[in-house]
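*Asks:* Have a look at this one before I ask anything.
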Amino acid sequence: MQLTLLCAAVCLLPSSLALPLPREAGGMSKPQWEQAQDYLKRFYSYDSQTKIANSLEAKLKEMEKFFGLPITGVLSPRIIEIMQKPRCGVPDIAEYSLFPENPKWTSKIVTYRIVSYTRDLSSFAVNRLVEKALNMWSKEIPLRFKKLRWGIADIMIGFARGAHGDPYPFDGPGNTLAHAFAPGPGLGGDAHFDEDERWTDGSSIGINFLYAATHELGHSLGMGHSTDPNAVMYPVYGSGDLQNFKLSRDDIEGIQKLYGKRNH
Ligand SMILES: [Ca+2]
Ligand SMILES: [Zn+2]
Ligand SMILES: [Zn+2]
């Protein structure tokens, strides 16, 4: 208890005593700079790369490149705005070791199981929306999905809050909405949704579960993030028409590159 109080006292020192912020902070406030550093570490991680690629300036440039902004390596109000939007938890630029050569499922039938549900929607609605999301992808490629009621499926789907048994704890309401893992054993293919969000079937205010599920299940099939704001695989939530969305040309080209076309 005493230690906590001591720390609180130290942390409350006037900010004028703090070191000046680096050039990359672009004149933003200290909390904004700290939030930006955290964001870049989470979504633009290059840990196994060279020191140059690890600098915050380099990560900032990667982010500017991804979102089609002028490449300055300096924080701007536009970047802060993007950083504050709710988004997928999967990095835009990941450590290469996490994504070996285009991982994909090699079997023509991929199994899935819904392990846990949300309090926001009926289990009937979640089942229906997951099936709908999977169909968006499978109608473009020669792959079928089979739902399992128990046991281990290729794609384990669930809702959880905070720390939930993988190295990527959720962060409360907002910011990270969900994440999923590329095809592979164990966690591979699994899709997790933050139970601290308010999930909807599109009929009320909140996060559209069908849209989020279609995006995350794209990762479960091996899709990475797209820089195209019209793509379902764009990492930031809410840029397109969420009510009547469908896969974009970019999404379809990506998934067919991995699995080929479906023969109708
Ligand atoms: Ca969250
Ligand atoms: Zn994503
Ligand atoms: Zn998770």
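Read the figures in this text as sums done on the coordinates, not as results from a lab. Predicted model only: the values in this text are computed from it and were never measured. Don't worry about glycine lacking a Cβ; one is built from the backbone with ideal geometry, like all the others, and counts go over all protein chains shown.
*Asks:* Would you mind computing Rg(Cα) / (2.2 N^0.38 Å) for the range 133-240, counting N as its residues? Before the final figure, lay out each step's value.
*Replies:* Details: Rg = 13.7 Å, N = 108, 2.2 N^0.38 = 13.0 Å.
Rounded to two decimals, the normalised Rg is 1.05.
*Asks:* Can you compute the charge dipole magnitude of the chain about its Cα centre, using +1 on each Lys and Arg Cβ and -1 on each Asp and Glu Cβ, nothing else charged? Give it in debye, rounded to the nearest 20. Please report the intermediate quantities before stating the final value.
*Replies:* Details: 29 positive and 29 negative charges, 148 e Å.
With only Lys, Arg, Asp and Glu charged at Cβ, the dipole is about 720 debye.
*Asks:* Per DSSP helix of 4 or more residues, -39500 (n - 2.57); summed, then divided by the residues of the chain. What does that give at 222 nm, rounded to the nearest 500? Provide the component values of the computation, followed by the final result.
*Replies:* Values: 8 runs with 86 residues, N = 264.
Calculated mean residue ellipticity at 222 nm is -10000 deg cm²/dmol.
*Asks:* What translational D, rounded to a whole number of µm²/s, comes out for the chain from Stokes-Einstein when the hydrodynamic radius is the Kirkwood one over Cα pairs, at 10 °C and 1.306 mPa s?
*Replies:* It comes out at roughly 80 µm²/s.
*Asks:* List the longest stretch of the chain that has no exposed loop site; here a site is one of the GluC sites (Glu not before Pro) assigned by DSSP to anything other than H, G, I, E or B, with at most 13 other Cβ within 10 Å.
*Replies:* 102-264
*Asks:* Give the cross-link partners of residue 65 among the aspartates and glutamates, using a straight C-alpha distance below 13 Å as the criterion and excluding same-chain residues fewer than 8 apart.
*Replies:* Partners within reach: 57, 92, 228.
*Asks:* Take the Cβ-Cβ distance between residue 256 and residue 101 as r, set R0 to 22 Å, and report the resulting FRET efficiency rounded to the nearest 0.05. Before the final figure, lay out each step's value.
*Replies:* Details: r = 18 Å, r/R0 = 0.80.
It comes to 0.80.
*Asks:* What nm distance separates the two modelled labels at residue 127 and residue 76, each placed 7 Å from Cα along Cα→Cβ?
*Replies:* 5.0
*Asks:* May I pose another question? Can you list residues from other chains, or at least 5 along the same chain, whose modelled amide H is less than 5 Å from the amide H of residue 159?
*Replies:* 116, 117, 193
*Asks:* Okay, moving on. Within 10 Å of each residue's Cβ, count the other Cβ atoms and sort 204, 55 from fewest upward.
*Replies:* Going from sparsest to densest Cβ surroundings: 204, 55.
*Asks:* Given a cut-off of 32 Å, name the pairs among 146/246; 59/261; 85/108; 108/246; 30/257; 41/147 whose C-alpha atoms lie farther apart than that in the structure shown. Before the final figure, lay out the partial values.
*Replies:* Working: 146/246 22 Å; 59/261 36 Å; 85/108 36 Å; 108/246 23 Å; 30/257 44 Å; 41/147 36 Å.
Going by Cα-Cα distance, 59/261; 85/108; 30/257; 41/147 fall outside the 32 Å limit.
*Asks:* Considering only DSSP states other than H, G, I, E and B, which trypsin sites (Lys or Arg not before Pro) in the range 84-159 qualify as loop sites with at most 13 other Cβ atoms within 10 Å?
*Replies:* 108, 119, 139, 149
*Asks:* A further question on this structure: Membrane-span-like helices in the chain: DSSP H runs reaching 24 Å or more (Cα, own axis), mean Kyte hydropathy at least 1.6? Spell out each step's value before the answer.
*Replies:* Numbers: long enough: none.
Result, helices passing both filters: zero.
*Asks:* May I ask you to compute the full-extension gain from residue 85 to residue 30, defined as 0.36 nm times their residue separation minus their alpha-carbon distance, rounded to one decimal in nm?
*Replies:* On the way: separation 55, 0.36 × 55 = 19.80 nm, distance 1.91 nm.
Length difference between fully extended and current span is 17.9 nm.
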